[in-house]
Each structure stands twice: as structure tokens, then as C-alpha cells.
Amino acid sequence: NAGVMQNPRHLVRRRGQEARLRCSPMKGHSHVYWYRQLPEEGLKFMVYLQKENIIDESGMPKERFSAEFPKEGPSILRIQQVVRGDSAAYFCASSPPGAGANVLTFGAGSRLTVL
Amino acid sequence: GENVEQHPSTLSVQEGDSAVIKCTYSDSASNYFPWYKQELGKGPQLIIDIRSNVGEKKDQRIAVTLNKTAKHFSLHITETQPEDSAVYFCAARESDYKLSFGAGTTVTVRA
């Protein structure tokens with residue numbers, strides 16, 4: 001069982017570029033969550049997705065950020081026109097249907113650095 | 001929404017001593033409180049959790065206590081070892097699928 005797989009592990013972008021972060025959930029998990037960890041802070045909820053559905057995106061900035069979890073393939077967190085404040089570690093977690101926050105398995109994270 | 005505060009932010013202990021991390025939460029409706037350990041360069045891993053219908057839970061050298069009335073919960077690590085050095089996060093379940101995390105405690109175990 002490979003666990004939650006995230007890539008890239010490290011990503012460097014210049015201001016104004018786009019960042020795409022990918023997450024493949026654990027086998028058997030169909031629910032995906034994205035959290036952001038700013039330096040010296042805890043994880044902050046961004047978005048909760050099921051296959052082809054965004055359930056709750058209340059933690060996502062209204063502009064430049066989007067997320068999807070297509071029927072086939074990984075979940076993608078997309079950040080357009082990145083700014084320095086987007087530099088953070090972005091963690092994906094997954095859970096089986098019905099388990100919710102009680103059974104979250106986190107990936108190793110994608111660390112975005114914006115120059 | 002839920003607000004979780006965690007103290008201390010850093011903790012240095014001598015190997016073999018105990019470490020205690022404390023958290024408070026704001027929403028009395030919260031009923032699930034996990035603790036995560038994050039090692040350098042890795043994602044958070046669940047190490048222990050407690051539900052609001054119990055006051056204490058133990059797993060080998062790790063224990064968690066919950067005081068619902070005061071809305072605080074604590075992690076206790078006994079007989080600390082160098083491999084316990086990591087960042088520890090407390091969390092409270094804000095909804096069926098959302099966790100609110102504390103800011104983290106960096107624990108350093110001195111050999």
C-alpha cells in the first residue's frame with residue numbers, strides 16, 4: 001500500500017507563474033482533502049473533494065486557487081499567478097468513504113517556494 | 001469555527017524525561033481530538049486520538065487526556081527517546097470532514 005502520494009515534493013516558481021500540485025489517494029480512498037501549512041504554523045483546511053465533486057472549498061482563497069478530483073487520475077491543486085505569500089507546504093490527505101476526519105492519512109506534502 | 005491553541009511552541013527535554021503538550025479548543029461541540037507527529041520533511045502521522053466520551057487513553061509511552069468541561073486536552077510522552085524528536089500537532093474535529101490544528105510544538109529530546 002503506497003499511501004497518499006504527492007508530487008512534486010518540491011516546486012520552485014517565480015511570481016506570476018502557475019503551480020500544479022498532484023495527489024493520488026490511498027487505494028480504496030475516494031475522499032481527498034488539501035491543507036496548507038505556512039512556516040511556523042499548523043495546517044489549515046483548504047478544500048474537500050470527492051470524485052468529480054467539490055464538497056467544501058471554504059478554506060480556499062477566492063482567487064487564483066482551484067482544485068479538482070477527476071473521475072480518473074489524481075487530485076490537482078492549481079495556483080495561478082503565484083505570489084510570495086503562496087510559499088508553503090501543501091498537504092493532501094485521503095480517507096475512505098464515510099470515515100471523514102476520523103481516518104485521515106496525509107501525504108508527505110509538496111513544498112512550494114515562490115521567488 | 002473551531003479555534004485550537006497549543007502550548008508550548010518548543011519543548012526541550014532530557015532523554016528519559018517526560019514531555020507534556022497542552023491544547024485548548026473553543027467549540028464545545030467538538031468530539032474528536034487527534035494528535036499528529038510530523039518528522040522533518042514528512043507529512044503528519046496520526047499517533048493517538050481521543051473521543052469526547054473518554055477522559056484518558058494510553059498507547060505504550062504515549063497518553064492523551066481530555067477535560068471537556070475546561071475544553072482542553074494534553075499529550076503526555078513518557079521515557080522520551082531521541083526518535084520522539086519531531087513537531088507535534090493537536091487537532092479538533094470541526095465537522096465530519098474538517099480538522100482544526102494547533103500551531104505545533106517542536107519537541108527536542110537531548111541525549
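Confirm whether A:Lys62 is among the basic types (Lys, Arg), farther than 23 Å from B:Leu46 by Cβ and at pLDDT below 95. Yes; evaluated as a whole, the condition is true for this residue.
The sole residue among A:Gly28, A:Gly59, A:Gly98 that is among the small types (Gly, Ala, Ser), outside any helix (DSSP H, G or I), surrounded by fewer than 22 Cβ atoms within 10 Å (Cβ to Cβ) and without any contact (Cβ under 8 Å) to a residue 12 or more places away in the chain is A:Gly98.
Taken over segment A:64-115, the criterion of being of a type in the set (Ser, Thr, Tyr) and more than 11 Å from chain B (Cβ to nearest Cβ) is satisfied by A:Ser66, A:Ser75, A:Ser87, A:Ser94, A:Thr113. When segment B:61-84 is limited to residues that are part of a loop (DSSP other than H, G, I, E, B) and over 14 Å from B:Ala19 (Cβ atoms), the one that is farthest from the chain's Cα centre (by Cα) turns out to be B:Thr69. Scanning segment A:49-69 for residues being closer than 26 Å to A:Gly16 by Cα and in contact with a Phe, Trp or Tyr (Cβ under 9 Å, 6 or more places away or on another chain) gives a total of 6. Checked against (1) without any contact (Cβ under 8 Å) to a residue 60 or more places away in the chain; (2) surrounded by fewer than 15 Cβ atoms within 10 Å (Cβ to Cβ); (3) within 13 Å of another protein chain (Cβ to nearest Cβ); (4) of a type in the set (S, T, N, Q), B:Ser52 meets all criteria but (2).
The values are calculated or read from the model by the stated rules, or taken from the named source; none is laboratory data. As the structure is a computational prediction, the values presented were derived from the model and not from experiment. Because the Cβ atoms are built from the backbone with ideal geometry, glycine has one as well, and the counts that use them run over all protein chains shown.
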